[in-house]
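One structure below.
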């Protein structure tokens, strides 16, 4: 045997070994193992109408709720294999760290501190938001710049505390912060006149409007004080679980780009496009490579729909416009990596 041949054999064996190690690492992880042993996914959520709220029968409904159901389909092939628990902004991140939740779908903002200091991983941004201000119409305030010297209610445990301070400091204005922990008190503080305004992500404030006794007496100011990319949050240490979350979200976005909906998905099973064949499991090679059921994406779209369907079902009735949450080819920011 030549020296070159021996080296070739050694390199090939090393590559096979490395691939086996990586494959084993990718297929194992404490969170996913715990989920499969338990038989369901534990999801932390909030209580904002349109995004996550129980209906009159106690069944959870909402934009983020459908993504929890989609994860259950990806892992178990069953949308019911998920448990939703409401958690306050102060409690949800420590609860995720402690392993009480497998994933937070509670409108968590992606920040560098949460990634590095708290050790969280984030899935794709599934809702682009921004912090807003809600005021009484009779105050005459039509712009955040008119709130110099105002008393402003802030929900503790959120990114809003730093954002509002940065906004007033940057504009050389002053304000008096009133930190409020209880969500119900947060709304009543504005109604009672205890504060001149309340500030949160605009998605939360739209939900708060529905909880006010006279919603038409209040207005959401036009400014957005920050960027609030909302994404699934996970504890670090389980790469495979992270990728399942990533590609579950991506599947709803990619389906909308291709025009695949819950109503017409069956007709796309006859598509001659090889990318769509892989996506829907007609060609099972992609699913086999990533270790999921060949029909995982098909079942997600058939059950909960594509991104646009999820948005229209839960958020459009509240007056939400797509805005930045349009697809990239329609002027928005939503974009899925290729399914190959």
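Coordinate-derived values only; no laboratory data. Only a predicted model underlies this, so the values are computations on that prediction, with no experimental measurement involved. So basically every Cβ, Gly included, is an ideal-geometry build from the backbone, and we count neighbours across all protein chains shown.
Quick notes on this structure:
- Evaluated at q = 0.18, 0.24 Å⁻¹: base-10 log I(q)/I(0), Debye formula over Cα of region 131-226: -0.72, -1.41
- Using the rule -39500 (n - 2.57) for each DSSP H run of four or more residues, divided by the residues of the chain, the 222 nm mean residue ellipticity is -12500 deg cm²/dmol.
- Counted residue by residue at 0.36 nm each, then reduced by the alpha carbon distance between them, the extension gain from residue 270 to residue 211 reaches 16.6 nm.
- The Cα atoms of region 147-297 define a convex hull whose projected area, averaged across directions, is 13.3 nm².
- When each of the peptides 41-53, 318-330 is scored by how many other beta carbons lie within 10 Å of its residues on average, the order from highest to lowest is 41-53, 318-330.
- Restricting the calculation to Cα atoms, region 210-340 yields a radius of gyration followed by a Dmax of 17.7, 57 Å.
- Set of region 201-218 residues, backbone N closer than 14 Å to the point 7 Å along the Cα-Cβ line of residue 146: 218
- Burial order of peptide ranges 92-98, 65-71, 306-312 (average beta-carbon count within 10 Å, highest first): 65-71, 306-312, 92-98
- Cα gyration tensor shape for region 41-104, rounded if a/c is under 1.5, else prolate or oblate: oblate
- Here the label points at residue 116 and residue 56, each 7 Å from Cα along the C-beta direction, are separated by 5.1 nm in the simple model.
- Share of pairwise Cα-Cα distances greater than 32 Å in the chain is 37 percent (whole percent).
- Both numbers refer to the Cα atoms of region 243-286; Rg and Dmax are 10.4, 28 Å.
- Cα→Cβ-extended label distance, 7 Å offset, between residue 313 and residue 139, nm: 3.6
- Mean Cβ neighbour count within 10 Å, used as a protection proxy, ranking 259-270, 233-244 highest first: 233-244, 259-270
- Kirkwood hydrodynamic radius (C-alpha pairs) into Stokes-Einstein, region 44-192, 20 °C and 1.002 mPa s, D in µm²/s: 123
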